[in-house]
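Below is one structure, written out as structure tokens; comments come after it.
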Amino acid sequence: MTTDCDGDPIRRDELRQRAGALKLHGLLAHWDETPEAQWPWVRRLIECEELERRRRGLERRLGAARIGRFKPLADFDWRWPAQCDQGTVSGFMTLGFIPQAANLILVGPNGVGKSMIAQNIAHHAIMQGHSALFVNAAHMLGDLAAQDGDNALRRRLKHYARPDVLVVDEIGYLSYGNRHADLLFNIINRRYELKPTIVTTNRPFAEWSEVFPNAACVVSIVDRLVHHSEILVIEGESYRMKEAKERAAGKKKPPKSQRAVPAKATDNSSPGDQ
């Protein structure tokens, strides 16, 4: 068996499988013509190609996901929310919900960290080799409703149905018509029991009829989302408001070097002043 300069064995059959996975057809066409002395170089070539493709694939997935800037979970103050199960969030980060095609529903008022948690989960999924897409609900539904023609709409529906993880952010902040409700149902239905969807919302499901008034498919949307799902309810005041108040308080407080120092009491009056 051929070995490299470090004495490690070079398994030609394994290398050939890796070259086939990379579709290196030119190398495969001359596989049996390669001298034994060149096998260490061939293995190095395949390793470099694998590393570069993984790097480019990661960059491509990160760019396509449109996650944006977010606070890492390690920097989140878990003591601030009145209710937020950190253990449940840690369970989400194991990504076990992906092969199970289980949906994640994050429910809570504005500013408690729903989007931040969803962004962290989507980013971690990408780092582990999955594809993801983070999209605002209003943007997605507006994009779909604006498509001109059946073919264009089918392409956009496939775009949102394709990622391994789809995050639909901020359902409930606006009201939508029946057309938008039908489009959301189409997306949820295409992914149902196939791929997981993460939803952040400020409304409990009982109030979704107000988000999609008069839409007949609201019950069907909720039914498919909840069937295989984990629901995390977060309660508390806005963390963004908390940080804004802290910044404002910091600006009002002068630096120590600029704080006035009380002068010592002295009697500089002359006898004529008394």
Within region 21-69, the residues that are part of a helix (DSSP H, G or I), under 27 Å from ALA122 (Cβ atoms) and not small (Gly, Ala, Ser) are GLU50, LEU51, GLU52, ARG53, ARG54, ARG55, ARG56, LEU58, GLU59, ARG60, ARG61, LEU62
The lone condition ARG191 fails out of (1) modelled with pLDDT under 95; (2) within 22 Å of the chain's Cα centre (by Cα) is (1)
Residue list for region 24-75, filter: of a type in the set (Lys, Arg) and loosely packed, with under 10 Cβ neighbours inside 10 Å: ARG69
Restricting to region 199-232, name every residue that is open to solvent by less than 70 Å² (accessible area, probe 1.4 Å), aliphatic (A, V, I, L, M) and in a loop (DSSP other than H, G, I, E, B). ALA215
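The values are calculated or read from the model by the stated rules, or taken from the named source; none is laboratory data. Here the structure is a predicted model, which means the values were calculated and not measured. We place every Cβ from the backbone using ideal geometry, glycine too, and count neighbours over all the protein chains shown. We work out accessible area using only protein heavy atoms, side chains counted, and drop any ligands, DNA or RNA first. Shrake-Rupley method; radii C 1.70, N 1.55, O 1.52, S 1.80 Å.
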